[in-house]
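> Mind having a look at this structure? Questions to follow.
The values are calculated or read from the model by the stated rules, or taken from the named source; none is laboratory data. The model shown is predicted, which means the values in this text are computed figures rather than measured ones. So basically every Cβ, Gly included, is an ideal-geometry build from the backbone, and we count neighbours across all protein chains shown. SASA here: full protein model, heavy atoms, side chains in, ligands and nucleic acids out. Shrake-Rupley method; radii C 1.70, N 1.55, O 1.52, S 1.80 Å.
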Amino acid sequence: MTASRPLKRTRIMPAILLGATAFALAGCKDDAVEANAFPDKASCEAAANAGTVAFTVQDCDAAYQDALVEYERSAPRYDDQALCEEQHGGACVVDERAAGGGGSIFMPLMAGYLMGSMLGGNRAMTQPLYRDAGGKFATAGGGTVLNGNRGSARMQPSSFRAAPAAAAPMSRATVSKTGGFGSSRTSSFGSSRSFGG
């Protein structure tokens with residue numbers, strides 16, 4: 001009779017651990033917010049007018065303006081236009097704020113913006129998106145890499161964490177050392193999300 005007691009404990013402990021794991025996973029999932037990616041402000045406004053997103057047209061406009069401010073502050077910068085175009089698979093522009101001091105500095109075009117539902121604040125969270133050389137879309141900080149620049153998914157609020165302000169423009173040597181835009185970030189953060197098509 002006493003020999004069966006340890007056997008019962010063995011059966012109960014996995015059930016308790018399984019319940020605790022499920023509770024912990026549910027807690028992590030609850031932190032996720034609804035996020036949408038848009039290639040431009042007009043796409044966000046069209047979705048808001050159609051009622052397919054939880055945002056209003058005013059939210060779209062405010063988030064787009066916030067994304068532009070963040071773009072100016074933290075977009076990757078390069079000392080060579082060809083290098084910028086290689087890293088971002090397309091057109092780059094001169095950084096007007098940095099121009100005039102001698103050489104030109106180039107930055108990729110903003111390829112869309114990521115917009116998340118509000119977390120206790122009055123404004124939606126937002127981050128500009130940049131195309132990488134492989135055709136994916138990433139935030140400047142690299143915390144989020146997406147397969148497309150339109151669609152929706154649930155994401156952790158950390159996906160909207162602001163990147164550090166742009167530092168000195170990257171040279172070809174810097175890019176060779178780090179692996180280029182997206183590669184070092186993708187490997188350090190591990191995965192990309194599939195947004196749209």
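> Please enumerate the residues belonging to region 134-168 that are within 18 Å of residue 85 (Cβ to Cβ), open to solvent by 50 Å² or more (accessible area, probe 1.4 Å) and at pLDDT below 90.
Listed by number, the list holds a single entry, 134.
> Find the residue count for region 63-87, including only residues that are open to solvent by 30 Å² or more (accessible area, probe 1.4 Å) and within 22 Å of residue 141 (Cβ to Cβ).
10
> Run residue 110 past the list (1) closer than 18 Å to residue 53 by Cα; (2) open to solvent by 30 Å² or more (accessible area, probe 1.4 Å) and report the number of the one that doesn't hold.
Only one criterion is unmet by residue 110, namely (1).
> What number of residues in region 142-152 are on the phi > 0 side of the Ramachandran plot and outside any loop (DSSP other than H, G, I, E, B)?
Counting residues in region 142-152 that are on the phi > 0 side of the Ramachandran plot and outside any loop (DSSP other than H, G, I, E, B) gives 1.
Every residue, every condition in (1) at pLDDT 95 or above; (2) of a type in the set (Val, Ile, Thr), yes or no:
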{"site": "45", "(1), (2)": "yes, no"}
{"site": "56", "(1), (2)": "no, yes"}
{"site": "59", "(1), (2)": "no, no"}
{"site": "64", "(1), (2)": "yes, no"}
{"site": "72", "(1), (2)": "no, no"}
{"site": "100", "(1), (2)": "no, no"}
